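Asker: Here you go, one structure.
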Amino acid sequence: MSDAGAQYGNHQSNGTVIEPNGPVHVTADAAWERHSRQVDRRMALAREWDDLVQEVRKLDGFHDFLQPPPLDSLLRAAEHGPVVVVNVSRWRCDALLVRREGLEAVSLPELSADDVSRHVAEFLRVLRDDLGTEAGASFSQIIAARLQARQERDAVLRSVMEWLWDVVAAPVLEALRITSAPADGEPPPRLWWCPTGLLTLLPLHGAGHHAAADGRAVIDRVVSSYTPTLRALDKASKATEGQADRSEQLLFVGVPDAPDQIPLVDDVAREHDFLHARFPGGINVIKGADATVEKVQAALSVHRWIHLSSHGVQKLDDPSAAGLVLSDGVLTVTRLSSARYSGEFAFLSACRTATGGLNLPDEAITLAAALNYTGYRHVVATLWSVHPAVAADVTAAVYPGLIDAEGRFRPDRAAYAVHEAVRSLRRATDRSLEDWLPFTHTGP
């Protein structure tokens, strides 16, 4: 027995308990009485807990509080297309295909938790913002290093996308009988991804053998969206209530020169000018020094549509501290999650707004998920840093797809608009994988 074990709390046969300050003699009756009091106290606390839970379940909307949700309530999330929940564990990996008519498990024998960890580590390494910028390097060395880093990044992204296709996307689409691209003129089917674990950090919507151009790519076969949970998707699928007092204008938040950040003057101006000219009903602008955390958060509650053009910050070790960089600080996930907004559409033209964390990847703590949870039904966001000019290009490509022939704004078209914008980037000869892969749609 260890010294620690001999000194603390060991009972001797003579009824003596050895404590740090010396032996304390306890009679059998006293020990039993103390034990009985502890048991009574625990039982009383358990009864109190049960009573409190029952009280909570009497509240509106909390009838199933702390209970597993009924299967039918989860299947409702797949009303408009299948939801693919990809489960990763060290024992086995499966895709759960959630459809309105039921649930199907598809084994993913080639996917392993170790492989996910390895690919995520490599993926995050090549996406580092400081890659290829060694201290003390000359200008020509920096340019050469950045070119090499970009080539390596493209090679790794391509490799990871091919691996994701082989081990996840291909078996899933095969099980869903989506074996080819839709015919010309036929709209592609919808599909929602709900990854778990470290897989939440990888772009499942971009899985494919893109160099082959033979249709073995998710983007060629389906319109992808994401959802943090089945419940979140089911809730977002319902029409938003209480919109009568919301502004008919788009809220435009632009922060072109946030402290300690690369200036975005030209790109914020480009997005502003485009939306000012094209958005039905016009835009309400909060820009520059006026774009404070308090003022922007207050504006979110009175606008159903928002466009945020700024830097984003992501903390993989503390995802709830991530957020949008504004003129006086960061509008964090935590702060956003403390309110309800009842909005319909949010376009986050900022970096790393759909990326979660390493320590709690299953918690879906991202800026996109936070806005989706708190009431914005459709959220367009990015998985990692994007060049500001690319974000502006995507803005100019997405919004025309959201305005119908009568000039009305249709946020329900967001998934298709993002899909088409990304496909156009993918077709461009001067674009690489890293230009189009980051853009995602979350919502119904």
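Asker: Taking the highest mean first, how do the peptides 176-185, 113-122 order by number of other beta carbon atoms within 10 angstrom per residue? Intermediate results must be reported in sequence, preceding the final value.
Answerer: Numbers: 176-185: 10.8, 113-122: 15.3.
Order by mean packing, descending: 113-122, 176-185.
Asker: For residue 346, enumerate residues with amide H under 5 Å from its amide H, sequence gap 5+ or separate chain, H modeled in the peptide plane.
Answerer: Long-range HN contacts for residue 346: 306, 378, 379, 380.
Asker: Starting from 0.36 nm per residue, how many nanometres of slack lie between residue 121 and residue 429 once their C-alpha separation is accounted for? The partial results should precede the final answer.
Answerer: Values: separation 308, 0.36 × 308 = 110.88 nm, distance 2.87 nm.
Once the chain is fully extended between residue 121 and residue 429, it gains 108.0 nm.
Asker: Further, regarding this structure: Please list, in order, the residues from segment 158-191 whose amide nitrogen is less than 12 Å from a point placed 7 Å along the Cα→Cβ vector of residue 212.
Answerer: Flagged as within label range: 162-167, 170-171.
Asker: Okay, moving on. Could you tell me which of rounded, prolate or oblate describes segment 241-442, using a ≥ b ≥ c as the square roots of the eigenvalues of the alpha-carbon gyration tensor, with rounded for a/c under 1.5 and, failing that, prolate when a/b is larger than b/c and oblate otherwise? Numbers along the way, then the final one.
Answerer: On the way: a/c = 1.26, a/b = 1.06, b/c = 1.19.
Rounded is the answer for segment 241-442, as its axis ratio a/c remains below 1.5.
Asker: So for each of 199-211, 38-50 I average, over its residues, the number of other beta carbons within 10 Å; can you give me the resulting order with the highest mean first? Write down the numbers at each step before the final one.
Answerer: Working: 199-211: 22.6, 38-50: 10.1.
Output ranking for 199-211, 38-50: 199-211, 38-50.
Asker: Now for a different question. Taking the Cα centre of segment 241-442 as origin, sum charge times position over the Cβ atoms of Lys and Arg (+1) and Asp and Glu (-1), and report the length of that vector in debye to the nearest 20.
Answerer: Details: 18 positive and 25 negative charges, 83 e Å.
Its charge dipole is roughly 400 debye.
Asker: Now a separate question. GluC sites (Glu not before Pro) within segment 374-444: which are DSSP loop residues with at most 15 other Cβ atoms inside 10 Å? Intermediate values should be presented prior to the final figure.
Answerer: Numbers: sites: 406, 420, 434; in loops: 406.
Those satisfying the criteria are 406.
Asker: Could you tell me which of rounded, prolate or oblate describes segment 184-234, using a ≥ b ≥ c as the square roots of the eigenvalues of the alpha-carbon gyration tensor, with rounded for a/c under 1.5 and, failing that, prolate when a/b is larger than b/c and oblate otherwise?
Answerer: On the way: a/c = 4.89, a/b = 1.41, b/c = 3.46.
Taking the square roots of the gyration eigenvalues as a ≥ b ≥ c, segment 184-234 is oblate.
Asker: What distance in nm lies between label points placed 7 Å from Cα along the C-beta direction at residue 67 and residue 41?
Answerer: With each label point 7 Å from Cα toward Cβ, the separation is 3.3 nm.
Asker: Right, something else. Return the FRET efficiency for the residue pair residue 276, residue 413: r is the Cβ-Cβ distance, R0 is 22 Å, and the value is rounded to the nearest 0.05. Could the numbers behind the result be given before it?
Answerer: Numbers: r = 21 Å, r/R0 = 0.96.
Efficiency computed from Cβ-Cβ geometry: 0.55.
Asker: Please give every one of the aspartates and glutamates within straight-line cross-link reach of residue 287, meaning a C-alpha to C-alpha distance under 14 Å, and leave out same-chain neighbours fewer than 8 residues apart.
Answerer: Here the aspartates and glutamates satisfying the reach criterion relative to residue 287 are 257, 266, 267, 271, 273, 328.
Asker: Now for a separate question. Can you figure out the FRET efficiency of residue 294 with residue 159, using R₀ = 60 Å and their beta-carbon distance, to the nearest 0.05? Mind showing how you got there, number by number?
Answerer: Working: r = 45 Å, r/R0 = 0.74.
The pair residue 294/residue 159 has a calculated efficiency of 0.85.
Only the coordinates and a few stated rules stand behind these numbers; no lab work does. For clarity, every value in this text was computed on a predicted model and none was experimentally measured. Quick reminder, even Gly has a Cβ in these numbers, built from the backbone with ideal geometry, and neighbours come from all protein chains shown.
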